[in-house]
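A short worksheet on the structure shown next.
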Amino acid sequence: MALSETDRIYDELLVTLVRGGDRAAAERLAARWQPRLMRTARRMLGEEDEAREAVQEAWGGICRGWVRLSDPAMFPAWAYGILSRKCADRIRRVSAARARFVAAEAAPEPAAPDAAPVRHAILAALGALSPDHRIAAILYFSEGLTLAETAAAMGVPVGTAKSRIFHARQQLKTLLEGEQT
């Protein structure tokens, strides 16, 4: 879900106001971004409780750091970057505790009943990707970040983000084609 130019400009304005100490702007920014961050965390982690905790931790980092954010236009990539790191930390912890990610535990967003099998297949395929590929795919395909924003959010060079997106796309294609046969 790509951000429109109007949404981006409004978010930049809110970030600028927040950096100036405007509490109401902070509340509006949080209200606008909470659902996006939750959706992304659910897709990355597959579990509602884990996603909620990761988003809460991410908001802590966002609130502590937005004064240091030099360019308000970078807020989406910066916020997703903080969330990605929190989710990656949780994925590593969970992976150490259990051998694999279980996409079936995901708390799916409301969807049309006929879309449920496709949705489950996509969540399962995302769950089968490595954490780096999963995060890149979600940020780029689901959240509509540009390649540069995805790279910034992941803290990697653009070429690395491009490679991760390419490989994620190939793996998802293979996994989803296998579901249809």
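FYI, it's all coordinate maths here, none of it is from the lab. Please read all numbers here as calculations on a predicted model, not as lab measurements. Please note: Cβ atoms are built from the backbone with ideal geometry, for glycine as well, and neighbour counts cover all protein chains shown.
Worth pointing out:
- Added length on full extension, which subtracts the Cα-Cα distance from 0.36 nm per residue, Ala30 to Val156: 42.8 nm
- Taking Val15, Val156, Val67, Val118 and counting other C-beta atoms within 10 Å, the order from fewest to most: Val67, Val118, Val156, Val15
- Coarse-grained scattering of region 5-180 at q = 0.09, 0.12 Å⁻¹, given as base-10 log I(q)/I(0) from a Debye sum over alpha-carbon atoms: -0.32, -0.56
- Total formal charge among the other residues, if their Cβ is under 10 angstrom from that of Ala54, Lys/Arg +1 and Asp/Glu -1: -1
- For Asp11, the shell of other residues with beta-carbons less than 10 Å away shows a net charge of +1, using +1 for Lys and Arg and -1 for Asp and Glu.
- Label-to-label distance, nm, for residues given as Ser130 and Leu147 (7 Å Cα→Cβ offset): 2.0 nm
- Applying 1/(1 + (r/R0)^6) with R0 = 35 Å to the Cβ-Cβ distance of Cys63 and Val118 gives a FRET efficiency near 0.40.
- Order of Phe141, Phe75 under a 10 Å beta carbon neighbour criterion, fewest first: Phe141, Phe75
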